[in-house]
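For reference, the structure discussed in these notes is given below.
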Amino acid sequence: MLQLLWRAVALANIFLFTTTGLQAQKVMQPKVTNAYWSKPYPPFRIAGNLYYVGTYDLACFLITTPKGNILINTGLANSAAQIKRNISMLGFKLADTKILLTTQAHYDHLGAMAAIKKITGAKMMIDAGDAAVLADGGASDYAMGGKGAMFAPLVADSLLHDNDTIRFGGVQLQLLHHPGHTKGSCSFLLKTSDAQKTYTVLIANMPSIVTDKNFNDIPAYPNIADDYAHTLHTMKKLSFDIWVASHASQFNLHSKHKPGDAYNPSAFMDRAGYDEQLADLQKEYEEHLSRR
Ligand SMILES: [Zn+2]
């Protein structure tokens with residue numbers, strides 16, 4: 001009798017364990033209300049060895065090198081096929097991707113990351129501030145978390161810190177820690193050349209505010225206000241020739257480039273647009289701070 005009872009308890013434990021295991025595996029991507037976000041969009045060369053391979057709004061960037069390629073961001077869970085097709089339309093191969101990066105650990109940039117890592121075997125590197133959220137699929141995100149995984153979880157192969165430089169295949173990609181939007185949001189700076197010119201390019205993560213809560217009401221991110229202040233301050237001081245960002249709408253891609261346009265890096269030389277965006281974000285930040 002006792003033995004039977006023990007067996008029943010043991011079975012119950014196994015069942016619970018399995019259920020918990022299943023829940024941990026289950027990924028619930030938030031409902032995307034902006035259908036245009038993930039619409040297919042023709043890939044193009046931005047400048048030198050930097051290409052746009054994302055969807056209509058979810059920017060993904062490919063940096064090609066003779067040793068293989070670097071992919072920054074992946075869009076939603078169902079964006080993998082589009083990114084693969086975009087990369088082949090440019091004459092490259094997704095399979096040649098060696099390094100994977102993101103500008104922020106949210107489902108609209110990491111949705112297809114685990115799948116692409118599985119296909120390519122590339123090394124996933126992430127700003128250390130986003131490593132935990134990457135590993136639990138967004139479940140512990142201070143603003144959007146608490147509802148389980150929102151994208152397939154992934155353990156990073158290496159962690160990056162402010163001003164770290166990734167050196168690969170002749171490319172030097174500098175990480176700029178720009179926290180606030182997520183704890184490990186970041187931008188990247190690189191130099192790229194074509195036959196005419198060398199360009200300094202900023203791949204920016206713009207510090208928009210995700211949370212509805214007051215900044216002093218977020219125990220999961222006590223220094224959020226200081227982080228946003230730091231990010232806004234340092235971003236204003238950056239120098240570059242060309243800038244792009246995590247969302248096409250943030251850098252006005254669709255007014256600067258139309259599908260089929262000839263190669264034209266100068267279309268993305270837009271310091272004024274960048275400064276204007278940052279001024280708006282500064283205002284948004286100050287309004288959020290002054291809320292009671
Ligand atoms: Zn985001």
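Could you please let me know if K123 is away from the ligand (no atom under 16 Å from the Cβ), within 17 Å of V171 (Cα to Cα) and surrounded by fewer than 24 Cβ atoms within 10 Å (Cβ to Cβ)?
In short, yes.
Within the bounds of region 30-52, is there any residue that is at pLDDT 80 or above, assigned to a loop (DSSP other than H, G, I, E, B) and loosely packed, with under 10 Cβ neighbours inside 10 Å?
Yes, region 30-52 contains a residue that is at pLDDT 80 or above, assigned to a loop (DSSP other than H, G, I, E, B) and loosely packed, with under 10 Cβ neighbours inside 10 Å.
What helices (runs of 4 or more DSSP H) completely inside region 217-292 contain at least 2 residues that are closer than 22 Å to D57 by Cα and touching a Lys or Arg at 6+ places or on another chain (Cβ under 6 Å)?
Those helices (runs of 4 or more DSSP H) do not exist here; none qualify.
Go over the candidates L110, L90 one by one and state the one that is buried (at least 20 other Cβ atoms within 10 Å of the Cβ), out of contact with any Gly (no Cβ under 6 Å at 6 or more places or on another chain) and not small (G, A, S).
Values: L90 fails: buried (at least 20 other Cβ atoms within 10 Å of the Cβ).
Going through L110, L90 in turn, the sole match is L110.
Run K67 past the list (1) under 18 Å from the mean Cα position of the chain (by Cα); (2) among the charged types (D, E, K, R); (3) in a loop (DSSP other than H, G, I, E, B) and report the number of the one that doesn't hold.
(1)
Suppose we keep only residues that are assigned to a strand (DSSP E or B) and within 16 Å of the ligand (Cβ to nearest atom) within region 189-214. Which one would you say is surrounded by the fewest Cβ atoms within 10 Å (Cβ to Cβ)?
Once the filter is applied, the top-ranked residue is A204.
So how many residues does region 71-93 have that are among the aliphatic types (A, V, I, L, M) and either in a loop (DSSP other than H, G, I, E, B) or within 16 Å of the ligand (Cβ to nearest atom) (or both)?
Final tally of qualifying residues: 4.
Check A139 against each of (1) touching a strand residue (DSSP E or B) at 6+ places or on another chain (Cβ under 7 Å); (2) touching a residue at least 40 places away in the same chain (Cβ under 8 Å); (3) within 16 Å of the ligand (Cβ to nearest atom) and name the one condition it does not meet.
Only one criterion is unmet by A139, namely (2).
Restricting to region 156-188, name every residue that is assigned to a strand (DSSP E or B) and over 14 Å from A204 (Cβ atoms).
Answer for region 156-188, where residues must be assigned to a strand (DSSP E or B) and over 14 Å from A204 (Cβ atoms): S158, L159, L160, T165, I166, R167, F168, V171, Q172.
Is it the case that some residue within region 122-129 is modelled with pLDDT of 95 or more, among the charged types (D, E, K, R) and farther than 26 Å from N78 by Cβ?
Taking every residue of region 122-129 in turn, none turns out to be modelled with pLDDT of 95 or more, among the charged types (D, E, K, R) and farther than 26 Å from N78 by Cβ.
Between a first residue in region 241-263 that is at positive phi and a second residue that is more than 16 Å from the ligand (Cβ to nearest atom) and assigned to a loop (DSSP other than H, G, I, E, B), which pairs have beta carbons less than 8 Å apart while being 6 or more apart in sequence or on different chains?
Pairs that qualify, where the first residue is at positive phi and the partner is more than 16 Å from the ligand (Cβ to nearest atom) and assigned to a loop (DSSP other than H, G, I, E, B), are N252/D270; G260/P42.
Need the failing condition index for K118 against (1) free of Cβ contacts under 8 Å to residues at least 12 places away in the same chain; (2) buried (at least 23 other Cβ atoms within 10 Å of the Cβ), just the number.
Only one criterion is unmet by K118, namely (2).
Checking the condition at negative phi, out of contact with any Asp or Glu (no Cβ under 7 Å at 6 or more places or on another chain) and within 16 Å of the ligand (Cβ to nearest atom), which residue from D164, D130, D96 passes?
Being at negative phi, out of contact with any Asp or Glu (no Cβ under 7 Å at 6 or more places or on another chain) and within 16 Å of the ligand (Cβ to nearest atom) holds for just one of D164, D130, D96, which is D130.
Taking the condition of being within 16 Å of the ligand (Cβ to nearest atom) and either within 25 Å of K39 (Cα to Cα) or not polar (S, T, N, Q) (or both), how many residues in region 221-234 meet it?
Selection size over region 221-234: 4.
Which pairs do you get when a residue that is without any contact (Cβ under 8 Å) to a residue 40 or more places away in the chain, found in region 86-108, comes within reach of a residue that is β-branched (V, I, T) and surrounded by fewer than 16 Cβ atoms within 10 Å (Cβ to Cβ), reach meaning Cβ atoms under 8 angstrom, with the pair 6+ apart or on two chains?
L94/I119; A95/I119
Being β-branched (V, I, T) and over 22 Å from the mean Cα position of the chain (by Cα) is the filter here, so list the residues in region 212-232 that pass it.
Across region 212-232, the qualifying residue is only I218.
The values are calculated or read from the model by the stated rules, or taken from the named source; none is laboratory data. Being a predicted model, the structure only gives us computed values, none of them experimental. We place every Cβ from the backbone using ideal geometry, glycine too, and count neighbours over all the protein chains shown.
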